[in-house]
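Structure, as structure tokens:
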């Protein structure tokens, strides 16, 4: 059996160093190698894909991106590594883990406990995407897209609109388009007021709406379109959504 | 909830106790079901009888005779009154103090009057004057005991405030404890000396947190506590945590409530430093301005992390402790300005209790 490849992600250096020591203590009983470390989730995603990690030990409580959001982004990979969550004291997360029978470690971590978690991770236990979504207390700060075996993050604030097309959802920023495997309904629920639905198949970032204009005549009736900030494209508003959108326009 | 009610004083409406707002407790009847209260009533009434007998007798023989005579008429009334009060206590509890007091008088006088026929059977002498005399004695005694409880109530009010203070004692976040222990563990193999220092800081910090924190302490001591705390945070946050101290040496001797600053510094780290990848600065500014002490603390404000809990609780806690110590003379205000969260405390500048 090839040794398991482990990555440690924690924003605190002493915590990473302690985890290295503990892993070292486990090595005799459980062969593995530490192939990378990162101090935050964004760097962590890169480290994980570059080092082809099998297991990630990730702290929940980190700046910019929580450990749970990090794990959610990992799931866009074709073969995501196993995730072991680590927390000092997070009542909410611990309850969520218990309810969903997810494995987690509490700091200070005991070597014996770490060993059990590693064995479990090696056995192929993986949290499902929907479980991770359900336990994340806050909306994500990024959308994630798998591109050439890596995770590309798109900050939520950069998204202009999301449009459903057959199997995928197209996510449009000022610069480019990405394909994400999510449903508009879920996105609408997760981000609350950030995006507004202008059409059955389209969500627009509220703060990117510059105005509305009368569109071309279709079916003998002129519809309205959203004029966007930073993109020339105009998006049609469905007749069903128009009353709500109109209220928004004031 | 804080155990404010204590054993002896039972406030009238228990939901009022939950609020730790007002300074002195309003007057309240004692809890007539409390053994301490009952024995106090029995003892004080008998002591009164003793004094009365002593005042009306010239020698020991007469004193003994007098005492027996008084006891004979007093004890049955006293026992019936105490038992009646015991039975009525739940009702009395619900009344406002003045009406409760009236009700107590009514009960005692009724007991006296009811037992009067029995007294006349034993003692012989009856009639209107005797009854009036008995009622007068009963009313006088009741007033005396009521006065005694009133004074006692007043004397124990500060104790209640202290109980509140104790309940309000600041607590350190478990998040901090476990992270710090983890950081210390990381040092033990590499740098045992530093690990020792860190554990000593941690011990000192918890000694203070667990100590009896009701007395005001010198600002100097509170600041050194903050430094110990920040040393520990520095250990795990490293470069990310920067502190800018702007202290007024003239304020060192000022007396402040213990743990008035440490929880705020802890909040500043938790809400201001931890959510950021880039280094952040906590600024602590302390100044003495005439008879006022100004404390100001600012930290970077992270709008996205406002779902993190605990801030308001710590603030409410400190605000109430300030109020208990200084009443309206102290204030605590917060605001957000220029991307920074700012807490300002003003309290009287005092150097002796």
Going through the range A:71-94 one residue at a time, which ones are more than 14 Å from every other protein chain (Cβ to nearest Cβ), touching a strand residue (DSSP E or B) at 6+ places or on another chain (Cβ under 7 Å) and free of Cβ contacts under 8 Å to residues at least 60 places away in the same chain? A:82, A:83, A:84, A:85
Would you mind finding the one in A:154, A:160, A:145 that is touching a helix residue (DSSP H, G or I) at 6+ places or on another chain (Cβ under 8 Å) and assigned to a strand (DSSP E or B)? A:160
Which condition number in (1) surrounded by 15 or more Cβ atoms within 10 Å (Cβ to Cβ); (2) more than 14 Å from every other protein chain (Cβ to nearest Cβ); (3) within 30 Å of the chain's Cα centre (by Cα) is the one that residue B:266 fails? (2)
Taking the stated definitions as given, is residue A:147 at negative phi and either surrounded by fewer than 18 Cβ atoms within 10 Å (Cβ to Cβ) or modelled with pLDDT under 85 (or both)? yes
Could you list, in sequence order, all residues of the range A:133-150 that are within 12 Å of chain B (Cβ to nearest Cβ) and in contact with a strand residue (DSSP E or B) (Cβ under 9 Å, 6 or more places away or on another chain)? A:141
Hey, any hits in the range A:33-46 for a residue that's part of a loop (DSSP other than H, G, I, E, B) and either buried (at least 17 other Cβ atoms within 10 Å of the Cβ) or under 21 Å from the mean Cα position of the chain (by Cα) (or both)? yes
State whether the residues of the range A:158-169 include one that is surrounded by fewer than 18 Cβ atoms within 10 Å (Cβ to Cβ), at pLDDT below 95, closer than 23 Å to residue A:7 by Cβ and away from every other protein chain (no Cβ under 14 Å). no
Of the residues that sit in the range B:318-333 and are at pLDDT 85 or above and in contact with a helix residue (DSSP H, G or I) (Cβ under 7 Å, 6 or more places away or on another chain), which one is farthest from residue B:277 (Cα to Cα)? B:330
Selection from the range B:184-196 of residues that are under 21 Å from residue B:224 (Cα atoms) and either facing chain A (nearest Cβ under 9 Å) or crowded, with 16+ Cβ neighbours inside 10 Å (or both): B:184, B:195
Considering only the range B:210-224, I want to know if a residue exists there that is under 18 Å from residue B:174 (Cα atoms), buried (at least 16 other Cβ atoms within 10 Å of the Cβ), in contact (Cβ under 8 Å) with a residue 12 or more places away in the chain and in the same structural domain as residue B:291 (by TED's automatic domain parsing). no
If you scan the range A:212-233, which residues turn out to be under 31 Å from the mean Cα position of the chain (by Cα) and either modelled with pLDDT under 85 or under 12 Å from residue A:197 (Cα atoms) (or both)? A:226, A:230
Anything in the range A:9-30 that is in a helix (DSSP H, G or I), more than 7 Å from every other protein chain (Cβ to nearest Cβ) and within 28 Å of the chain's Cα centre (by Cα)? List them, or say none. A:16, A:19, A:20, A:23
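The values are calculated or read from the model by the stated rules, or taken from the named source; none is laboratory data. In this text the structure is predicted, and so the values were computed from the model without any measurement. Virtual Cβ from ideal backbone geometry, glycine too; neighbours counted across all protein chains shown.
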